[in-house]
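Inspection log for the structure reproduced underneath, given as structure tokens.
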Amino acid sequence: MSPRYVYGLVAAGAAIPEGLAGLGPSGQVTTIEHGRVAAVVGDVPADRPLGTRDDLIAHETVLDTLAAKTAVLPMRFPAVVEEQGVVDELLGPNEEFFASALADLEGRVQFTLRARYEQDVVLREIVENDSEIRDLQERVREMPEDASYYDRVRLGELIVAAMERRREGEAAQVFAKLEPLAVRVAAHQPTSPDEVVNAAFLVERDRMAAFDAATEDVGREHAGRLRLRLLGPLAPYDFAPAE
């Protein structure tokens, strides 16, 4: 039996879009069905290990293309199963679980929003509005670098704390605008002081235009202060249930 690369799971009978190319040497993407569910599969490169950036892009492209048309449960990259095992080990024992999860995701897609501060603008606002930070900054400027070490550390701590307070308030404003248009939200912890929002939104297909418009409203409201990047519609990576 040959190994099969498994991209994700769809309902049995779901059509694969024409021209969809996978990461294997043939580029073919097909399905293997069992009962009410089907695995979306392709072949596996035989001359090299999986794991390149191009492999990951191909994996995500297949899933996101499918998600634009039908409910899909993404598999984690990379997922390789022997062909017979696709039914015996994956679909057969988990048919009920997969069918239920797909039904929950039917008619829904993921949007991922990332928002970051325009750091120079926000830093200027913080200094202008906080007398303690402003006074400490002036004092540091007038002192030799080796004599101002602890003041510089303190200045950095105050600026980070002020930015975090602003971030919490402005992130709440963004969520208040977008959460009512989503079925579920998965918010991730910021990875840097200037990151305000990193969140996934599960959105009904018939509310996609409204969600996109609301995001544009957020961008206009925070123009010059926040840089927004909206990705979607995507496969529901953040909302697929754990097996």
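Bear in mind that the values in this text are calculations on the coordinates, not laboratory data. Note that the structure is a prediction, hence the values are computed from the model and not measured. No Cβ is skipped: glycine too gets one built from the backbone with ideal geometry, and neighbour counts run over all protein chains shown.
For helix 119-129, report the angle its Cα long axis makes with the longest principal axis of the Cα atoms of the chain; keep it between 0 and 90° and round to the nearest 10°. That works out to roughly 40 degrees.
Taken about its Cα centre, the chain carries a charge dipole of about 360 debye when Lys and Arg each add +1 at the Cβ and Asp and Glu each add -1 at the Cβ. In whole Å, what is the distance between the alpha-carbon centres of the range 70-100 and the range 199-243? Each part's Cα centre sits 28 Å from the other's.
The phi torsions of the range 154-171, fed into the Karplus equation with coefficients 6.51, -1.76 and 1.60 and a -60° offset, translate into couplings of 4, 4, x, 5, 5, 5, 4, 5, 5, 5, 5, 5, 5, 4, 4, x, 6, 4 Hz, rounded to whole numbers, with Gly and Pro shown as x.
Taking amide hydrogens as placed 1.01 Å from N in the peptide plane, the amide H of VAL196 sits under 5 Å from those of ALA115, ARG116, TYR117, each at least 5 positions away in sequence or on another chain.
When the charge dipole of the chain is built from unit charges on Cβ atoms (+1 for Lys and Arg, -1 for Asp and Glu) and taken about the Cα centre, the candidate among GLY85, GLY156, THR52 whose Cα reaches farthest toward its positive end is GLY156. Computed 3J(HN,Hα) for the range 25-40, one whole-Hz value per residue from the Karplus formula 6.51 cos²θ - 1.76 cosθ + 1.60 where θ = phi - 60°, is x, 7, x, 6, 10, 9, 10, 10, 9, 8, x, 8, 10, 9, 9, 8, glycine and proline marked x. Note that the range 221-235 has calculated 3J(HN,Hα) couplings of 5, 10, 4, x, 10, 10, 9, 9, 9, 10, 10, x, x, 10, 4 Hz, one per residue in order, obtained from phi through the Karplus relation 6.51 cos²θ - 1.76 cosθ + 1.60 (θ = phi - 60°); glycine and proline are x. Under the criterion of Cα pairs below 8 Å and six or more residues apart, the relative contact order for the chain equals 24 percent. Using a ≥ b ≥ c from the Cα gyration tensor of the range 196-239 (square roots of the eigenvalues), is it rounded, prolate or oblate, where a/c under 1.5 gives rounded and otherwise the larger of a/b and b/c decides, a/b for prolate? Note, shape of the range 196-239 comes out oblate. Computed from Cα atoms, the angle from the helix 53-67 axis to the main principal axis of the chain rounds to 70 degrees. Angle of helix 131-142 to the longest C-alpha principal axis of the chain, folded into 0 to 90 degrees and rounded to 10: 70°. On the basis of the beta-carbon distance and an R0 of 51 Å, ASP88 and GLU195 show a calculated FRET efficiency of 0.70.
Toward the positive end of the charge dipole of the chain, about the Cα centre and with charges on Cβ (Lys, Arg +1; Asp, Glu -1), which of PRO25, ALA187, LEU226 goes farthest? Working it through, the farthest residue towards the positive pole turns out to be LEU226.
Assuming charge only on the beta carbon of Lys and Arg (+1) and of Asp and Glu (-1), the dipole of the range 3-106 about its Cα centre is about 200 debye to the nearest 20.
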